[in-house]
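The values are calculated or read from the model by the stated rules, or taken from the named source; none is laboratory data. The structure presented is a predicted model; accordingly, all values stated were derived computationally and were not measured. We place every Cβ from the backbone using ideal geometry, glycine too, and count neighbours over all the protein chains shown.
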Amino acid sequence: MPPTPHVLVLGGTTEARELAEALAGRPGVRVTTSLAGRVARPGALPGDVRVGGFGGADKLADWLRRQHVDALVDATHPFAAAITANAARAAAATGVPAVVLRRPGWQPGPGDRWHPVPSLAAAAGLLPSLGRRVFLTTGRLGLAAFAHLADLHFVVRSVEPPDPPMPPRTEVLLARGPFTVAGETSLLREHRVDVLVTKDSGGEATAAKLTAARDLGLPVVVVRRPAVPEGVPVVAGVAQALRWLDLAVS
Ligand code: NAP
């Protein structure tokens with residue numbers, strides 16, 4: 001075992017924060033969390049923090065070597081496909097053990113009116129047949145896919161203000177989860193929403209909108225997750241990631 005194992009956590013999620021907190025509490029472990037830098041004021045994190053892209057898979061591999069990283073946990077968002085692909089390539093190139101921490105996706109239940117689609121473009125293609133007033137919660141970076149839908153009214157919720165292009169009839173609500181079913185229900189009612197669009201992000205913090213949509217009988221367009229690169233082990237939560245790390249750096 002290395003004297004002070006260095007764990008790199010690719011972050012930007014609740015799970016990444018929880019993992020960094022758990023690792024920082026372990027004597028003799030060095031943890032570095034890497035953030036993309038998309039959010040202006042991320043909350044404080046224990047351990048070391050680095051911010052900004054690495055410059056691609058090869059540069060990430062250089063970083064792993066230079067910083068003597070002993071294990072890598074990719075705890076990025078399920079839709080952050082580029083960094084996940086880069087991490088898999090960098091880990092393979094350096095031999096650094098790596099795991100993907102992916103929270104489970106959401107599952108429809110009785111009463112749900114879900115329409116699964118493979119992409120934001122497919123969601124945009126389906127929307128005009130489902131409603132006129134859309135609650136769009138797919139993040140501020142994907143709005144261009146909906147920009148041509150001039151006849152629909154969009155209520156967009158994001159943490160940071162979105163940049164154009166976006167649909168001409170867009171109302172922006174700046175908010176960060178967690179959200180409650182009561183809050184989501186009154187938001188959907190107040191804005192007279194008749195269809196919801198979401199990525200299958202999974203997790204508790206943003207699941208309340210799905211319950212609210214079910215209670216109100218609204219259709220939900222659910223964008224499916226990109227696949228995890230082949231050959232990389234996947235764990236579903238922080239406890240499993242810690243168990244994987246115990247084996248990887250022992
Ligand atoms: P992405 O498309 O997979 O990544 C684009 C580029 O951003 C990557 O190639 C990498 O640049 C850089 N990058 C992304 N995550 C990074 C990290 N944790 N540390 C250092 N560089 C990172 O990612 P994204 O979808 O824009 O998401 C960016 C961040 O926001 C991620 O950390 C993710 O966990 C978080 N997030 C994403 C979503 C979402 O819906 N996509 C939602 C919530 C939070 P280089 O190639 O230059 O290294």
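Answer yes if at least one residue in the range 51-67 is in contact (Cβ under 8 Å) with a residue 60 or more places away in the chain and in contact with a strand residue (DSSP E or B) (Cβ under 9 Å, 6 or more places away or on another chain), and no otherwise. Yes, the range 51-67 contains a residue that is in contact (Cβ under 8 Å) with a residue 60 or more places away in the chain and in contact with a strand residue (DSSP E or B) (Cβ under 9 Å, 6 or more places away or on another chain).
Might you let me know whether the range 10-25 holds any residue that is buried (at least 19 other Cβ atoms within 10 Å of the Cβ), of a type in the set (A, V, I, L, M, F, W, C) and near the ligand (Cβ under 10 Å from one of its atoms)?
Pass one, the range 10-25, residues buried (at least 19 other Cβ atoms within 10 Å of the Cβ): 10-13, 15-17, 19-20, 23.
This time we only want the ones that are of a type in the set (A, V, I, L, M, F, W, C), so: 10, 16, 19-20, 23.
After this cut, where a residue has to be near the ligand (Cβ under 10 Å from one of its atoms) as well, the list is 10, 16.
There is at least one residue in the range 10-25 that is buried (at least 19 other Cβ atoms within 10 Å of the Cβ), of a type in the set (A, V, I, L, M, F, W, C) and near the ligand (Cβ under 10 Å from one of its atoms).
For the range 132-162, the candidate set comprises residues that are modelled with pLDDT under 95 and of a type in the set (D, E, K, R); within that set, the residue that is surrounded by the most Cβ atoms within 10 Å (Cβ to Cβ) is Arg140. Look at Gly231 and say whether it is modelled with pLDDT under 95 and in the same structural domain as Pro97 (by TED's automatic domain parsing). Criteria met by Gly231.
Condition first: within 8 Å of the ligand (Cβ to nearest atom) and buried (at least 22 other Cβ atoms within 10 Å of the Cβ). Can you find one or more residues in the range 94-111 that meet it? The answer is no, given that none of the residues of the range 94-111 is within 8 Å of the ligand (Cβ to nearest atom) and buried (at least 22 other Cβ atoms within 10 Å of the Cβ). In this structure, Pro165 does not qualify as away from the ligand (no atom under 16 Å from the Cβ), in the same structural domain as Gly125 (by TED's automatic domain parsing), surrounded by 15 or more Cβ atoms within 10 Å (Cβ to Cβ) and modelled with pLDDT of 95 or more.
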